[in-house]
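Asks: This is the structure, below, for whatever I ask next.
The values are calculated or read from the model by the stated rules, or taken from the named source; none is laboratory data. Bear in mind that the values here come from a model prediction, so they are computed numbers and not experimental data. Note that we place each Cβ from the backbone using ideal geometry, even for glycine, and neighbour counts take in every protein chain shown. These accessible areas exclude ligands, DNA and RNA; they are computed on the full protein's heavy atoms, side chains included. Shrake-Rupley method; radii C 1.70, N 1.55, O 1.52, S 1.80 Å.
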Amino acid sequence: EPEVTQTPSHQVTQMGQEVILRCVPISNHLYFYWYRQILGQKVEFLVSFYNNEISEKSEIFDDQFSVERPDGSNFTLKIRSTKLEDSAMYFCASSAEGGAETQYFGPGTRLLVL
Amino acid sequence: SQQGEEDPQALSIQEGENATMNCSYKTSINNLQWYRQNSGRGLVHLILIRSNEREKHSGRLRVTLDTSKKSSSLLITASRAADTASYFCATDARISGGYNKLIFGAGTRLAVHP
(Lines give C-alpha, C1' and ligand atoms only; values in the text may rest on other atoms or scores of the structure.)
Protein backbone atom coordinates (compact mmCIF):
# COMPACT_ATOMS: atom_id res chain seq x y z
CA GLU A 1 0.00 0.00 0.00
CA PRO A 2 1.40 3.43 -0.91
CA GLU A 3 2.58 5.49 2.01
CA VAL A 4 4.11 8.84 2.85
CA THR A 5 7.74 8.62 3.86
CA GLN A 6 9.85 11.12 5.78
CA THR A 7 13.54 11.55 6.40
CA PRO A 8 15.31 11.77 8.69
CA SER A 9 13.37 10.07 11.45
CA HIS A 10 15.31 12.04 14.06
CA GLN A 11 17.33 15.22 13.80
CA VAL A 12 19.30 17.01 16.49
CA THR A 13 20.54 20.50 15.71
CA GLN A 14 21.98 23.52 17.41
CA MET A 15 19.89 26.65 17.85
CA GLY A 16 20.34 28.97 14.90
CA GLN A 17 21.16 26.21 12.44
CA GLU A 18 19.14 25.48 9.33
CA VAL A 19 17.34 22.19 8.98
CA ILE A 20 15.59 20.61 6.02
CA LEU A 21 12.99 17.97 6.61
CA ARG A 22 12.14 15.78 3.67
CA CYS A 23 8.98 14.04 2.64
CA VAL A 24 7.96 11.85 -0.25
CA PRO A 25 4.18 12.05 -0.58
CA ILE A 26 2.05 9.33 -2.13
CA SER A 27 2.85 9.41 -5.82
CA ASN A 28 -0.50 10.40 -7.34
CA HIS A 29 -1.38 12.92 -4.65
CA LEU A 30 -1.53 16.59 -5.46
CA TYR A 31 -2.02 18.29 -2.10
CA PHE A 32 0.68 18.41 0.51
CA TYR A 33 0.77 19.51 4.11
CA TRP A 34 3.09 19.96 7.04
CA TYR A 35 1.92 19.65 10.63
CA ARG A 36 3.83 19.63 13.86
CA GLN A 37 3.26 18.21 17.32
CA ILE A 38 5.12 19.58 20.29
CA LEU A 39 5.60 16.86 22.88
CA GLY A 40 2.39 16.26 24.78
CA GLN A 41 0.41 18.76 22.73
CA LYS A 42 -2.01 18.73 19.81
CA VAL A 43 -1.08 18.23 16.22
CA GLU A 44 -1.00 21.70 14.64
CA PHE A 45 -1.35 22.69 11.01
CA LEU A 46 1.62 24.54 9.53
CA VAL A 47 1.13 24.86 5.80
CA SER A 48 -0.65 23.44 2.77
CA PHE A 49 0.82 23.34 -0.71
CA TYR A 50 -0.71 22.79 -4.11
CA ASN A 51 0.35 23.45 -7.66
CA ASN A 52 3.77 24.60 -6.53
CA GLU A 53 2.56 27.26 -4.21
CA ILE A 54 1.42 27.70 -0.65
CA SER A 55 -2.35 27.70 -0.36
CA GLU A 56 -2.53 28.38 3.35
CA LYS A 57 -0.17 28.84 6.25
CA SER A 58 -0.70 29.17 9.97
CA GLU A 59 0.63 31.79 12.34
CA ILE A 60 3.37 29.36 13.32
CA PHE A 61 4.68 29.32 9.74
CA ASP A 62 6.65 32.55 9.91
CA ASP A 63 9.49 33.81 7.74
CA GLN A 64 11.84 31.21 9.19
CA PHE A 65 9.87 28.46 7.49
CA SER A 66 9.69 27.62 3.83
CA VAL A 67 8.44 24.73 1.75
CA GLU A 68 9.50 23.49 -1.62
CA ARG A 69 8.76 20.76 -4.08
CA PRO A 70 12.12 20.62 -5.82
CA ASP A 71 11.25 17.72 -8.08
CA GLY A 72 8.34 15.44 -8.87
CA SER A 73 8.60 13.42 -5.71
CA ASN A 74 10.07 15.33 -2.77
CA PHE A 75 8.38 17.91 -0.58
CA THR A 76 10.61 19.72 1.90
CA LEU A 77 10.19 21.90 4.95
CA LYS A 78 13.09 24.21 5.73
CA ILE A 79 13.57 26.00 9.00
CA ARG A 80 16.14 28.69 8.34
CA SER A 81 17.33 29.48 11.87
CA THR A 82 16.02 27.03 14.40
CA LYS A 83 14.84 28.04 17.86
CA LEU A 84 14.47 25.92 20.94
CA GLU A 85 10.69 26.07 20.59
CA ASP A 86 10.91 24.48 17.15
CA SER A 87 11.61 21.17 18.87
CA ALA A 88 8.70 18.97 17.88
CA MET A 89 7.58 16.07 15.74
CA TYR A 90 6.99 17.26 12.19
CA PHE A 91 4.51 15.37 10.06
CA CYS A 92 4.10 15.54 6.32
CA ALA A 93 0.73 14.59 4.84
CA SER A 94 -0.71 14.30 1.38
CA SER A 95 -4.12 13.89 -0.16
CA ALA A 96 -5.37 13.08 -3.61
CA GLU A 97 -7.76 15.98 -3.64
CA GLY A 98 -7.93 19.16 -1.66
CA GLY A 99 -11.51 18.89 -0.65
CA ALA A 100 -13.03 16.60 1.93
CA GLU A 101 -10.56 13.83 1.40
CA THR A 102 -8.37 11.71 3.60
CA GLN A 103 -4.97 13.08 4.45
CA TYR A 104 -2.32 10.41 4.81
CA PHE A 105 0.47 11.12 7.23
CA GLY A 106 4.09 10.13 7.23
CA PRO A 107 5.82 8.67 10.28
CA GLY A 108 7.23 12.05 11.27
CA THR A 109 10.62 13.60 11.92
CA ARG A 110 11.47 14.25 15.53
CA LEU A 111 13.43 17.50 15.66
CA LEU A 112 15.39 18.45 18.75
CA VAL A 113 16.91 21.91 18.92
CA LEU A 114 19.61 22.35 21.54
CA SER B 1 -13.57 24.20 24.09
CA GLN B 2 -11.59 24.24 20.92
CA GLN B 3 -12.43 22.56 17.63
CA GLY B 4 -12.07 18.80 17.84
CA GLU B 5 -11.98 18.17 21.56
CA GLU B 6 -12.02 14.55 22.67
CA ASP B 7 -13.21 13.03 25.85
CA PRO B 8 -12.28 11.26 27.93
CA GLN B 9 -8.66 12.38 27.99
CA ALA B 10 -7.66 8.92 29.15
CA LEU B 11 -9.40 5.57 29.12
CA SER B 12 -8.24 2.33 30.69
CA ILE B 13 -10.05 -0.94 29.91
CA GLN B 14 -9.54 -4.68 29.85
CA GLU B 15 -9.03 -6.70 26.71
CA GLY B 16 -12.32 -7.71 25.19
CA GLU B 17 -14.18 -4.66 26.44
CA ASN B 18 -15.48 -1.93 24.17
CA ALA B 19 -13.89 1.52 24.14
CA THR B 20 -15.87 4.63 23.30
CA MET B 21 -14.24 7.97 22.64
CA ASN B 22 -16.08 11.18 21.92
CA CYS B 23 -15.19 14.27 19.98
CA SER B 24 -16.90 17.64 19.92
CA TYR B 25 -16.30 20.48 17.53
CA LYS B 26 -17.52 24.02 17.08
CA THR B 27 -17.75 25.01 13.43
CA SER B 28 -19.35 23.48 10.35
CA ILE B 29 -17.38 20.68 8.80
CA ASN B 30 -17.15 18.79 5.53
CA ASN B 31 -15.82 15.67 7.15
CA LEU B 32 -14.37 14.33 10.36
CA GLN B 33 -11.49 11.90 10.51
CA TRP B 34 -10.16 9.69 13.28
CA TYR B 35 -6.47 8.91 13.60
CA ARG B 36 -4.46 6.67 15.88
CA GLN B 37 -0.99 7.42 17.19
CA ASN B 38 1.16 4.92 18.98
CA SER B 39 3.46 6.53 21.50
CA GLY B 40 5.89 8.86 19.74
CA ARG B 41 5.01 7.51 16.32
CA GLY B 42 3.15 8.67 13.24
CA LEU B 43 -0.55 9.22 12.69
CA VAL B 44 -2.45 6.32 11.20
CA HIS B 45 -5.69 7.15 9.46
CA LEU B 46 -8.58 5.07 10.74
CA ILE B 47 -11.77 6.34 9.20
CA LEU B 48 -13.33 9.37 7.54
CA ILE B 49 -16.99 10.24 7.92
CA ARG B 50 -18.58 12.90 5.78
CA SER B 51 -20.99 15.51 7.07
CA ASN B 52 -23.91 13.83 5.29
CA GLU B 53 -23.18 10.46 6.90
CA ARG B 54 -24.39 9.41 10.31
CA GLU B 55 -22.55 6.17 10.90
CA LYS B 56 -19.66 4.29 9.40
CA HIS B 57 -18.04 0.96 10.13
CA SER B 58 -14.58 -0.39 9.47
CA GLY B 59 -13.75 -3.76 11.01
CA ARG B 60 -14.00 -3.34 14.79
CA LEU B 61 -14.43 0.41 14.46
CA ARG B 62 -17.72 2.21 14.44
CA VAL B 63 -17.92 5.97 14.02
CA THR B 64 -21.00 8.10 14.44
CA LEU B 65 -21.49 11.72 13.55
CA ASP B 66 -24.19 14.04 14.84
CA THR B 67 -23.87 17.35 13.06
CA SER B 68 -26.73 18.88 15.03
CA LYS B 69 -24.76 18.32 18.23
CA LYS B 70 -21.42 18.84 16.53
CA SER B 71 -20.11 15.61 17.96
CA SER B 72 -18.69 12.29 16.88
CA SER B 73 -17.89 9.05 18.64
CA LEU B 74 -15.43 6.28 17.92
CA LEU B 75 -16.27 2.84 19.23
CA ILE B 76 -13.68 0.08 19.25
CA THR B 77 -15.31 -3.26 19.92
CA ALA B 78 -13.63 -6.28 21.47
CA SER B 79 -10.50 -4.29 22.26
CA ARG B 80 -7.03 -5.80 22.16
CA ALA B 81 -3.80 -4.83 23.87
CA ALA B 82 -2.55 -3.71 20.45
CA ASP B 83 -5.26 -1.03 20.40
CA THR B 84 -3.34 0.83 23.11
CA ALA B 85 -2.62 4.22 21.57
CA SER B 86 -3.81 7.81 21.45
CA TYR B 87 -6.84 8.49 19.30
CA PHE B 88 -7.47 11.85 17.69
CA CYS B 89 -10.37 13.30 15.85
CA ALA B 90 -9.62 15.86 13.18
CA THR B 91 -12.06 18.17 11.50
CA ASP B 92 -11.44 19.84 8.23
CA ALA B 93 -11.46 23.60 7.86
CA ARG B 94 -12.01 24.60 4.30
CA ILE B 95 -9.43 27.06 3.10
CA SER B 96 -10.05 29.40 0.20
CA GLY B 97 -9.68 27.69 -3.12
CA GLY B 98 -11.14 24.43 -1.94
CA TYR B 99 -8.17 23.14 0.00
CA ASN B 100 -8.54 21.98 3.53
CA LYS B 101 -6.48 21.74 6.65
CA LEU B 102 -7.14 19.47 9.59
CA ILE B 103 -7.74 20.72 13.09
CA PHE B 104 -6.89 18.10 15.67
CA GLY B 105 -8.21 17.57 19.13
CA ALA B 106 -6.06 16.83 22.14
CA GLY B 107 -6.74 13.11 21.86
CA THR B 108 -7.82 10.26 24.08
CA ARG B 109 -5.12 8.00 25.49
CA LEU B 110 -6.46 4.47 25.45
CA ALA B 111 -4.81 1.73 27.49
CA VAL B 112 -6.02 -1.83 26.96
CA HIS B 113 -4.81 -4.24 29.60
CA PRO B 114 -4.38 -7.96 28.88
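Asks: For region A:44-83, which residues drop by 40 square angstrom or more in accessible area between the chain on its own and all protein chains together (1.4 Å probe)?
Replies: A:F45, A:S55, A:E56
Asks: Have a look at A:S94, A:T82, A:Q6 and report the one farthest towards the positive end of the charge dipole of chain A, computed about the Cα centre with Cβ charges (Lys/Arg +1, Asp/Glu -1).
Replies: A:T82
Asks: Could you pull out every one of the lysines with an alpha carbon less than 28 Å from that of A:K83, ignoring same-chain neighbours closer than 8 positions?
Replies: Qualifying lysines at Cα under 28 Å: A:K42, A:K57, B:K101.
Asks: Considering the Cα positions of region B:1-62, please state its Rg to one decimal place and its Dmax as a whole number of Å.
Replies: Values for region B:1-62 (Cα only, Rg and Dmax): 13.0, 36 Å.
Asks: Another question, if that's okay. Ignoring ligands, DNA and RNA and using a 1.4 Å probe, state the total buried accessible area between B and A in Å², rounded to the nearest 100. Please list the in-between numbers first.
Replies: Numbers: alone 6280 and 6640 Å², together 10980 Å².
Buried: approximately 1900 Å² between A and B.
Asks: Work out the FRET efficiency for A:L114 and A:D63 from their Cβ-Cβ distance, taking R0 = 30 Å, and round it to the nearest 0.05.
Replies: On the way: r = 22 Å, r/R0 = 0.75.
Result of the calculation: an efficiency of 0.85.
Asks: Shape of region A:1-79 from its Cα gyration tensor (a ≥ b ≥ c, root eigenvalues): rounded if a/c is under 1.5, otherwise prolate when a/b > b/c, or oblate?
Replies: Working: a/c = 1.45, a/b = 1.31, b/c = 1.10.
Taking the square roots of the gyration eigenvalues as a ≥ b ≥ c, region A:1-79 is rounded.
Asks: Right, another one. Would you mind working out the accessible area per residue for chain A, using a 1.4 Å probe, and quoting it in Å²?
Replies: About 50 Å² of surface per residue is accessible.
Asks: Suppose all protein chains stay in the model; what accessible area per residue would a 1.4 Å probe give for chain B, in Å²?
Replies: On the way: 5320 Å² over 114 residues.
The answer is 47 Å² per residue.
Asks: In region A:11-36, what residues drop by 30 Å² or more in accessible surface going from the chain by itself to the full protein assembly, probe 1.4 Å?
Replies: A:Y35
Asks: Let me spell out the model: positive unit charges on the Cβ of Lys and Arg, negative unit charges on the Cβ of Asp and Glu, origin at the Cα centre of region A:5-113. What dipole size does that give, in debye rounded to 20?
Replies: On the way: 9 positive and 13 negative charges, 72 e Å.
For this selection, approximately 340 debye.
Asks: How much of the accessible area of region B:5-113, in percent, comes from carbon and sulfur atoms when a 1.4 Å probe is used? Walk me through the numbers before you get to the answer.
Replies: Working: 2180 of 4960 Å².
So the carbon and sulfur contribution to the accessible surface is 44 percent.
Asks: Ok, one more. Under a 10 Å cutoff between Cα atoms, tell me which one of A:V43, A:V24, A:V67 has the largest fluctuation in the Gaussian network model of chain A.
Replies: Evaluated over chain A, the most mobile residue of the options is A:V43.
Asks: Can you tell me, using C-alpha contacts under 8 Å and at least 6 residues apart, the relative contact order of region A:12-86 as a whole percent?
Replies: Working: 121 pairs, mean separation 29.0, N = 75.
Worked out over region A:12-86, it gives 39 percent.
Asks: Could you check how much of the accessible area of region A:71-114 is carbon and sulfur, as a whole percent, using a 1.4 Å probe?
Replies: Working: 850 of 1550 Å².
Carbon plus sulfur share of accessible area: 55 percent.
Asks: Where q = 0.09 Å⁻¹, what log10 of I(q)/I(0) comes from the Debye formula for the protein assembly as shown, counting one point per Cα?
Replies: The Debye formula, applied to the Cα set alone, gives -0.36.
Asks: Using amide H atoms built in the peptide plane, which far-off residues or other-chain residues are under 5 Å from A:M89 H to H?
Replies: Correct list: A:Q37, A:I38, A:L39, A:L111.
Asks: In region A:30-114, what GluC sites (Glu not before Pro) fall in a loop by DSSP, with at most 12 other Cβ atoms inside 10 Å? If you can, show how the numbers build up before the last one.
Replies: Numbers: sites: A:E44, A:E53, A:E56, A:E59, A:E68, A:E85, A:E97, A:E101; in loops: A:E59, A:E97, A:E101.
Within region A:30-114, the qualifying GluC sites (Glu not before Pro) (loop, at most 12 other Cβ atoms within 10 Å) are A:E59.
Asks: Now for a separate question. Could you tell me the accessible area of A:K57 in Å² (1.4 Å probe, neighbours in place), rounded to the nearest ten?
Replies: 110 Å²
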